[in-house]
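Here is the structure we will look at, set down as structure tokens.
The values are calculated or read from the model by the stated rules, or taken from the named source; none is laboratory data. Small disclaimer: the values here were computed from a predicted structure and weren't measured. Cβ coordinates were reconstructed from backbone atoms using ideal geometry, including for glycine residues, and neighbour counts include every protein chain displayed. Accessible surface is based on the protein model in full, side chains and every heavy atom, while ligands, DNA and RNA are left aside. Shrake-Rupley method; radii C 1.70, N 1.55, O 1.52, S 1.80 Å.
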Amino acid sequence: MGADMAATQVQHAAQQGEQPGPAEYASLNAVYAVALAGLVAGTHRRGDDVREVLGTELIPLTAATFAVSKMIARERIGSWVREPFVDDPVGRKRPRGGSVRRALGELVTCSRCVGAWTALGFVGLRVAHPRAGRTATAVFAVAGLNDFAQAGFRALCDWANQQH
């Protein structure tokens, strides 16, 4: 009888999806910290061979990070990334599954969270391979600025239509 009750509780928890706890969030943060530490250690070992990221590069890096994080966390085109971790990768985007899977679902549906990982990737690429990093950053920065131009154009058209 006790084993049946335990099995029922496990099945119910699996259906409901266990909420992530501090250990699951700490695991994701540890992976990020290890990647960041690897980047820092890699640049430290290379010494003067590495060009520092200049302040003038922060705006393009920010725009590129915005574009990619929005694409992954919000757009239909990024639904393939969210699909293993959320119930409806295009609609309501509710994280699903057990605690680790659910924590990953929370991560891939949060544009700020994805942005932190994306920034690490762009800066890492920029430091490891400056020319490729600048090229990738430029492509995604233009895409991010295009989002703002599209939103501005839509707002201007809405305003103009309201004036008539």
Q. What pairs come up if the first residue lies in the stretch 25-41 and is open to solvent by 50 Å² or more (accessible area, probe 1.4 Å), the second is part of a helix (DSSP H, G or I) and of a type in the set (D, E, K, R), and their beta carbons are under 9 Å apart, counting only those six or more places apart or on different chains?
A. Y25/E106
Q: Evaluate the following for F85: is it touching a strand residue (DSSP E or B) at 6+ places or on another chain (Cβ under 7 Å) and among the hydrophobic types (A, V, I, L, M, F, W, C)?
A: yes
(Q) Considering only residues that are of a type outside the set (G, A, S) and out of contact with any helix residue (DSSP H, G or I) (no Cβ under 7 Å at 6 or more places or on another chain), which ones fall in the stretch 118-140? (A) H129, P130, R131, T135, V139
Q: Answer yes or no as to whether A128 is in contact (Cβ under 8 Å) with a residue 12 or more places away in the chain, open to solvent by 30 Å² or more (accessible area, probe 1.4 Å) and either within 19 Å of S69 (Cβ to Cβ) or within 16 Å of the chain's Cα centre (by Cα) (or both).
A: no
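Given the options A33, A3, A41, name the one that is in a helix (DSSP H, G or I), small (G, A, S) and at pLDDT 95 or above.
Values: A3 fails: at pLDDT 95 or above; A41 fails: at pLDDT 95 or above.
So the residue among A33, A3, A41 that is in a helix (DSSP H, G or I), small (G, A, S) and at pLDDT 95 or above is A33.
Quick check on R154: is it more than 24 Å from G21 (Cβ to Cβ), among the basic types (K, R), in a helix (DSSP H, G or I) and open to solvent by 40 Å² or more (accessible area, probe 1.4 Å)? Before the answer, list the steps.
Values: more than 24 Å from G21 (Cβ to Cβ): yes; among the basic types (K, R): yes; in a helix (DSSP H, G or I): yes; open to solvent by 40 Å² or more (accessible area, probe 1.4 Å): yes.
So R154 passes the test.
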**Q.** Leading residue by the ranking (farthest from A23 (Cα to Cα)) among those in the stretch 72-84 that are touching a residue at least 24 places away in the same chain (Cβ under 8 Å) and open to solvent by 20 Å² or more (accessible area, probe 1.4 Å)
**A.** R74
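Residue-wise test of (1) in contact with a Leu (Cβ under 7 Å, 6 or more places away or on another chain); (2) on the phi > 0 side of the Ramachandran plot; (3) surrounded by 18 or more Cβ atoms within 10 Å (Cβ to Cβ).
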residue	(1), (2), (3)
P95	no, no, yes
V100	no, no, no
A116	no, no, no
G133	yes, no, yes
Q. Which residue out of A64, A26 is within 30 Å of R131 (Cβ to Cβ), modelled with pLDDT of 75 or more, assigned to a helix (DSSP H, G or I) and of a type outside the set (D, E)?
A. A64
